[in-house]
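*Asks:* Provided herewith is a single structure, encoded as structure tokens, for subsequent inquiry.
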Amino acid sequence: MVPQPVGHGGPAKAADFWFDPVCPYSWIAARWIREVARVRPVRVRLRLMSLQVLNEGREVNPEDPDGEWGAYLWAPVRACAAVEQRYGQEALDRFSLALGVRLHHRGEWDGIERALSDAGLPREVAEAAWTTEYDAAIRASHARAVALAGEDVGTPVVAVDDVAFFGPVVSPVPLGETAGRLWDGALMTASVPGFCELRRPAAPAPDFGPEPVIRSAGSPARRPVPGPASGFYVGHKSDVRPSTG
């Protein structure tokens, strides 16, 4: 990822970070791990998971209990898979950041094309969001996360060396050395054999904080231009977003 680690010298660790872009806590954790890459010697590789895959076979999908979102919950992760397969990790990093702003800060659940433009990528890539072209790649990546962290997980999942865990679920985004300390503690805790869980009550709603700066390929940093909140693809309501996590 773009940020360069500062302090805490030594060889950089490779961290795999699995996320589904529709999950608000994955979005916060993705911003956290970008901050970790700035303050710790960590190289982050973005990986994809799907809450739709995770919930297949359940009588009621907890992410869509009324069945009103349909294919839309697949669309963002499919767009991410298309970007990664066609343009690589650096492009996925840019696009996932732009997409998170559009979805979670602006509530633009029809914002995939605009996020592609924000990231300096062709808007036509959005067509893949409504096909199964990259589903096999998504499922394979998802299966790897589950194999490492267990069946009873959501998003995000983090893996470093032979240590993998679900989380962190945190709000608002930890910044600076606070992000680094959370990273240090998460790795130390997850490395204890047999350790399973720490838990305490969550905040009523995720706090996304200010919008991050978007940087297109070969262009100066900028914030995304607001787009019209004109409703969802496939006709979903524009004043509500999925309560995923």
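The values are calculated or read from the model by the stated rules, or taken from the named source; none is laboratory data. This one's a predicted model, so the numbers in the text were calculated from it and none came from an experiment. Note: ideal-geometry Cβ built from the backbone for every residue, glycine included; neighbour counts use all protein chains shown. The protein model used for the area step is the full one, side chains on, heavy atoms only, and it has no ligands, DNA or RNA in it. Shrake-Rupley method; radii C 1.70, N 1.55, O 1.52, S 1.80 Å.
*Asks:* Could you compute the net charge surrounding Gly88? Neighbours are other residues with a C-beta less than 13 Å from the C-beta of Gly88; K and R count +1, D and E count -1.
*Replies:* Taking every other residue near Gly88 into account, the sum is 0.
*Asks:* Using a probe radius of 1.4 Å on heavy atoms only, what accessible surface per residue do you get for segment 167-206? Whole Å² is fine. Working shown, then result.
*Replies:* Details: 2830 Å² over 40 residues.
On a per-residue basis, 71 Å².
*Asks:* Taking the Cα centre of segment 98-144 as origin and charging only Cβ (+1 Lys, Arg; -1 Asp, Glu), how large is the dipole, in debye to the nearest 20? Walk me through the intermediate numbers first.
*Replies:* Values: 6 positive and 8 negative charges, 50 e Å.
For this selection, approximately 240 debye.
*Asks:* When the accessible area of segment 104-175 is split by element with a 1.4 Å probe, what percent falls to carbon and sulfur? Intermediate values should be presented prior to the final figure.
*Replies:* Values: 1550 of 3100 Å².
Ligands and nucleic acids excluded, carbon and sulfur reach 50 percent.
*Asks:* For Arg181, what is the net charge nearby, where nearby means another residue's Cβ is under 15 Å from its Cβ and Lys, Arg count +1, Asp, Glu -1?
*Replies:* Values: positive: Arg38, Arg40; negative: Glu35, Glu177, Asp184.
Summing Lys and Arg as +1 and Asp and Glu as -1 gives -1.
*Asks:* Another one. Taking the mean number of other Cβ atoms within 10 Å as a proxy for protection, how do you rank 36-45, 158-167, 132-141, 185-194 from highest to lowest? Could you put the intermediate results ahead of the total?
*Replies:* Values: 36-45: 19.7, 158-167: 17.9, 132-141: 15.6, 185-194: 12.1.
Put in order of decreasing packing, that is 36-45, 158-167, 132-141, 185-194.
*Asks:* Right, another one. Once amide H atoms are built 1.01 Å from N in the peptide plane, which residues 5 or more positions from Ala15, or in another chain, come under 5 Å H to H?
*Replies:* Distant-sequence amide H within range of Ala15: Arg43, Val44, Arg45.
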